[in-house]
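Data block below; observations after.
The values are calculated or read from the model by the stated rules, or taken from the named source; none is laboratory data. All values reported here derive from a predicted model rather than from experimental measurement. Methodologically, a virtual Cβ is constructed for each residue, glycine included, from the backbone with ideal geometry; neighbour enumeration extends over all protein chains shown.
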Amino acid sequence: MTTVRRLDLRLIGLPLVRPFRTSMGVSTRKECVLVRVETDEAEGWGECVADVEPDFSAEWNASAWDAIATFFGPALLAAGDVSASVVEGLLAPWRGNRMAKAAVIDAVLDAELRARGESLATALGGDKQAVACGVSVGIAETTDALRAQVDGYLAEAYRRIKLKIEPGLDVERVAAIRTDHPDILLSVDANAAYGLEDADVFHALDELGLLMIEQPLHHEDLLAHAKLQAQIRTDLCLDESIRSAADAAAALELGACRIVNIKQGRVGGVLEARAIHDVCFAAGVPVWCGGMLETGVGRATNLALASMPGFVLPNDTSASARYFPQDLTEPFALEPDGTMRVPTGPGIGVVPDPDRLEGATLRRDTIEL
Ligand code: MG
């Protein structure tokens with residue numbers, strides 16, 4: 001238990017290496033809210049995975065900023081002695097806003113672990129020193145451009161290729177990549193762009209030997225996913241639909257998926273992510289760690305999470321260089337065998353470089369006792 005004396009909020013802007021296109025739109029730049037907390041013993045960092053618009057999620061950077069500055073931050077500083085799990089309970093009366101909560105809860109957890117010199121991976125019961133990495137490939141301008149990107153990532157040793165798809169840019173493109181690379185782990189992610197009426201697309205994808213089809217249907221429709229899963233052999237994976245351990249339990253009982261993509265930043269932080277892992281692990285359902293184009297702060301957090309035993313599929317924990325010309329922290333690099341080392345230092349094991357942080361800061365605020 002520790003007392004949080006100060007909470008710093010920063011809005012960060014970082015250029016991306018290349019525009020990232022999904023069925024929801026194009027990102028050319030990363031903007032996110034970073035939280036830093038200060039206790040008597042240590043500092044702690046948490047990254048909010050919201051984006052500039054409420055498209056992937058109902059939250060966005062300005063809403064997360066307001067939720068933290070108006071409600072979560074003042075409640076945290078007024079609470080006296082806390083732990084991360086106490087903070088989780090403290091914020092629970094406010095509904096939703098899981099991305100904003102994650103940044104606060106993860107920052108407190110990081111400070112707690114730094115104070116006792118324990119790494120996040122150890123605290124989570126991680127059993128891997130390095131995790132297998134895949135890469136998520138945005139929708140390209142042309143099939144040839146997509147092929148070139150995929151070839152490049154495979155040459156870097158990524159162990160799984162995930163293609164973003166949208167109606168009209170799906171079967172033909174995925175089939176082209178499958179023809180080029182008959183044996184790779186290949187998956188697709190639709191970000192909820194389809195409906196059950198698109199059964200033809202899924203039956204065609206079902207012939208391509210995919211590792212999984214991720215979030216094909218509406219994010220609020222578990223029942224539709226259960227109906228689709230019953231029609232195809234390929235495993236469905238849910239991402240946006242799984243906001244909590246309760247969602248995961250419901251999805252598994254309904255047969256809405258056979259794989260879960262856990263994004264700690266989206267589900268309210270590492271503690272809820274661990275609870276989702278535990279539900280899936282008990283059911284024998286494989287999980288993997290998704291990515292939200294995190295900076296090194298969120299990436300370090302994700303790597304620790306992905307070291308847990310149930311994370312048996314390659315994770316979207318790609319190298320910093322896949323996203324940013326310059327990351328906020330020391331860059332994370334892919335090992336020659338397509339893995340990434342799990343940080344071993346106290347807490348998340350990294351901190352932002354002060355100069356890079358300063359250069360990337362667009363807005364700041366501080367809440368103090
Ligand atoms: Mg996804």
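Summary of computed values
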| quantity | calculated |
| --- | --- |
| So residue 229, is it more than 13 Å from the ligand (Cβ to nearest atom), within 25 Å of the chain's Cα centre (by Cα), within 30 Å of residue 336 (Cβ to Cβ) and assigned by TED's automatic domain parsing to the domain that holds residue 135 | no |
| Unique residue being in a loop (DSSP other than H, G, I, E, B) and of a type in the set (Gly, Ala, Ser) when the list is 73, 96, 46 | 96 |
| Filtered residue count, the stretch 232-255, keeping only those that are more than 16 Å from the ligand (Cβ to nearest atom) and surrounded by 18 or more Cβ atoms within 10 Å (Cβ to Cβ) | 2 |
| Strands (runs of 3 or more DSSP E) contained in the stretch 127-221 and holding at least 1 residues surrounded by fewer than 20 Cβ atoms within 10 Å (Cβ to Cβ) | 130-132, 185-189 |
| Qualifying residue in the stretch 33-44 (condition: under 17 Å from the mean Cα position of the chain (by Cα) and of a type in the set (Asp, Glu)) | no |
| Exclusive hit being modelled with pLDDT of 95 or more and more than 16 Å from the ligand (Cβ to nearest atom), set 311, 281 | 281 |
| Residue within the stretch 81-101 that is touching a residue at least 60 places away in the same chain (Cβ under 8 Å), touching a strand residue (DSSP E or B) at 6+ places or on another chain (Cβ under 7 Å) and either of a type in the set (Gly, Ala, Ser) or in the same structural domain as residue 335 (by TED's automatic domain parsing) (or both) present | no |
| Search result, residues across the stretch 134-177 that are of a type in the set (Lys, Arg) and away from the ligand (no atom under 16 Å from the Cβ) | 147, 159, 173 |
| Criterion (within 16 Å of the ligand (Cβ to nearest atom) and of a type outside the set (A, V, I, L, M, F, W, C)) met by exactly one of 258, 274 | 258 |
| Test set (1) at pLDDT 95 or above; (2) surrounded by fewer than 22 Cβ atoms within 10 Å (Cβ to Cβ) - residue 98 fails condition number | (2) |
| Unique match (being crowded, with 24+ Cβ neighbours inside 10 Å and at positive phi) among 338, 347 | 347 |
| Single unsatisfied condition, residue 107 versus (1) outside the structural domain of residue 306 (by TED's automatic domain parsing); (2) touching a helix residue (DSSP H, G or I) at 6+ places or on another chain (Cβ under 6 Å) | (2) |
| Of residues in the stretch 178-224 being of a type in the set (Ser, Thr, Tyr) and within 16 Å of the ligand (Cβ to nearest atom), the one farthest from the chain's Cα centre (by Cα) | 194 |
| Condition met for residue 237 (in the same structural domain as residue 196 (by TED's automatic domain parsing) and either touching a Leu at 6+ places or on another chain (Cβ under 8 Å) or under 27 Å from residue 331 (Cβ atoms) (or both)) | no |
| Meets criteria (within 16 Å of the chain's Cα centre (by Cα), of a type in the set (Gly, Ala, Ser) and away from the ligand (no atom under 16 Å from the Cβ)) for residue 103 | yes |
